[in-house]
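Mind having a look at this structure? Questions to follow.
The values are calculated or read from the model by the stated rules, or taken from the named source; none is laboratory data. Computed from a prediction, not measured in an experiment: that's the story for all the values here. Glycine gets a Cβ as well: all are built from the backbone with ideal geometry, and neighbour counts include every protein chain shown.
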Amino acid sequence: MSLLEVRDLVAGYEPGLPIVRGVGFALDAGEILVLLGPNGAGKSTLARAVAGLVPVAEGTVMLGGGSLLAVPAHRRIGAGLGFVPQSGNVFAALTVAENLAIAAAVLPRAARAGRIAAALALFPDLAAARGRAAGLLSGGQRQMLAIARALIPAPRVMALDEPSAGLAPKLVGTVLAKLREIAAGGVAVLLVEQNVRAALAVADRAMVLVEGRVAHAGTAAALRDDPRVAALYLGGVRAA
């Protein structure tokens, strides 16, 4: 059984106006699945529906064999799901240490220090800036802080909505490489990303959404090297 299973999902913000139209996929522990496609294809809506932030009209979302549909978004953390939104993902006025402490507040007191230490070990830049306000961090550091916050409750699945948005090109690879490290620890990663080349370099599998439906799916290498997929949906990207 896969860790995360989504079946025949129909979701959207308004009743009767679905954005995601019958999407299904399975995601195993330690695997990265990247969602690609043109703007407005439903990628972010799909990730937010999995996280419980967009109403689901039909279909199922299963984590570890249990349904998440009746679980409110704020309770899905306890069920093992972490979510990193594209924006508004840190408390800008609080320090790095305070942001991490808030994330750890959902854990038993005895577990908090260890989980914070593990997050800082993964992101040494944050350890050096723990007393700095999050709003004063670089774009890359803020994204690392957002990911670190989501990691502290020890999720089994992490969904991220365009973590490279707004980053300088040299930082994109750094941030996405951290996702590969996280997956290597057994976390399943669902990644929404517009930076196609960088995303396919770290992902195991990829799905291309078009108008809310799966148009293509396969290994990341296969989609990267498929000239038809690249020309139609991925901006002409070719293998390096």
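Return the total of residues in the range 196-206 being surrounded by 21 or more Cβ atoms within 10 Å (Cβ to Cβ) and at pLDDT below 95. Break it down stepwise before answering.
Looking only at the range 196-206, we keep the residues that are surrounded by 21 or more Cβ atoms within 10 Å (Cβ to Cβ), and these are 196, 199-200, 202-203, 206.
Checking which are at pLDDT below 95 leaves us with 196, 199-200.
Here the count works out to 3.
Something else now. When you look at residue 177, is it over 22 Å from residue 54 (Cα atoms) and either out of contact with any Leu (no Cβ under 8 Å at 6 or more places or on another chain) or surrounded by fewer than 16 Cβ atoms within 10 Å (Cβ to Cβ) (or both), yes or no? Talk me through it step by step, then tell me what you get.
Details: over 22 Å from residue 54 (Cα atoms): yes; either out of contact with any Leu (no Cβ under 8 Å at 6 or more places or on another chain) or surrounded by fewer than 16 Cβ atoms within 10 Å (Cβ to Cβ) (or both): yes.
Judged against the criteria, residue 177 is a match.
Quick grid of which residues meet (1) farther than 30 Å from residue 224 by Cβ; (2) aliphatic (A, V, I, L, M); (3) modelled with pLDDT of 95 or more:
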position	(1), (2), (3)
32	no, yes, yes
40	no, no, no
43	no, no, yes
69	yes, yes, yes
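Something else: Quick one: in the range 167-220, which of the residues that are among the charged types (D, E, K, R) and in contact (Cβ under 8 Å) with a residue 60 or more places away in the chain is farthest from residue 1 (Cα to Cα)? Full working, then the answer.
Looking only at the range 167-220, we keep the residues that are among the charged types (D, E, K, R), and these are 170, 178, 180-181, 193, 197, 204-205, 211, 213.
Subset that is in contact (Cβ under 8 Å) with a residue 60 or more places away in the chain: 180, 193, 204-205, 211, 213.
Numbers: 180: 22, 193: 26, 204: 18, 205: 17, 211: 29, 213: 24 Å.
Ranking the candidates gives 211 first.
Now, a different point. Of everything in the range 1-14 that's surrounded by 17 or more Cβ atoms within 10 Å (Cβ to Cβ) and assigned to a loop (DSSP other than H, G, I, E, B), which residue is nearest to the chain's Cα centre (by Cα)?
3
Against the condition touching a residue at least 24 places away in the same chain (Cβ under 8 Å), in contact with a strand residue (DSSP E or B) (Cβ under 7 Å, 6 or more places away or on another chain) and of a type in the set (Gly, Ala, Ser), how does residue 2 come out, does it pass?
Details: touching a residue at least 24 places away in the same chain (Cβ under 8 Å): yes; in contact with a strand residue (DSSP E or B) (Cβ under 7 Å, 6 or more places away or on another chain): yes; of a type in the set (Gly, Ala, Ser): yes.
Answer is yes for this residue.
So, one more: Select from the range 31-49 the residues that are farther than 19 Å from residue 202 by Cβ, aliphatic (A, V, I, L, M) and surrounded by fewer than 24 Cβ atoms within 10 Å (Cβ to Cβ) and list them in ascending order.
41
Here is a further query. So, in the range 15-28, of the ones that are surrounded by fewer than 16 Cβ atoms within 10 Å (Cβ to Cβ) and either touching a Lys or Arg at 6+ places or on another chain (Cβ under 8 Å) or small (Gly, Ala, Ser) (or both), which residue ends up farthest from residue 205 (Cα to Cα)?
That would be 16.
If you take the residues of the range 167-190 that are of a type in the set (Gly, Ala, Ser), at pLDDT 90 or above and not in a helix (DSSP H, G or I), which of them is farthest from residue 28 (Cα to Cα)?
Among residues in the range 167-190 that are of a type in the set (Gly, Ala, Ser), at pLDDT 90 or above and not in a helix (DSSP H, G or I), the one farthest from residue 28 (Cα to Cα) is 185.
When the residues of the range 56-100 are filtered to those that are touching a Leu at 6+ places or on another chain (Cβ under 7 Å) and polar (S, T, N, Q), which remaining residue is surrounded by the most Cβ atoms within 10 Å (Cβ to Cβ)?
Taking the candidates together, the pick is 99.
Of the residues that make up the range 180-187, is at least one surrounded by 21 or more Cβ atoms within 10 Å (Cβ to Cβ) and touching a helix residue (DSSP H, G or I) at 6+ places or on another chain (Cβ under 6 Å)?
Checked against the condition, which is being surrounded by 21 or more Cβ atoms within 10 Å (Cβ to Cβ) and touching a helix residue (DSSP H, G or I) at 6+ places or on another chain (Cβ under 6 Å), the range 180-187 yields no hits at all.
In addition: Take residue 106 and tell me if it is in contact with a Pro (Cβ under 8 Å, 6 or more places away or on another chain) and over 19 Å from residue 182 (Cα atoms).
Taking the combined requirement at face value, the residue satisfies it.
May I pose another question? Checking the structure you have, find out if any residue of the range 29-37 is among the aliphatic types (A, V, I, L, M), over 19 Å from the mean Cα position of the chain (by Cα), assigned to a strand (DSSP E or B) and within 17 Å of residue 213 (Cβ to Cβ).
Restricting attention to the range 29-37, the residues satisfying the condition of being among the aliphatic types (A, V, I, L, M) are 29, 32-36.
Remaining after also requiring over 19 Å from the mean Cα position of the chain (by Cα): none.
No.
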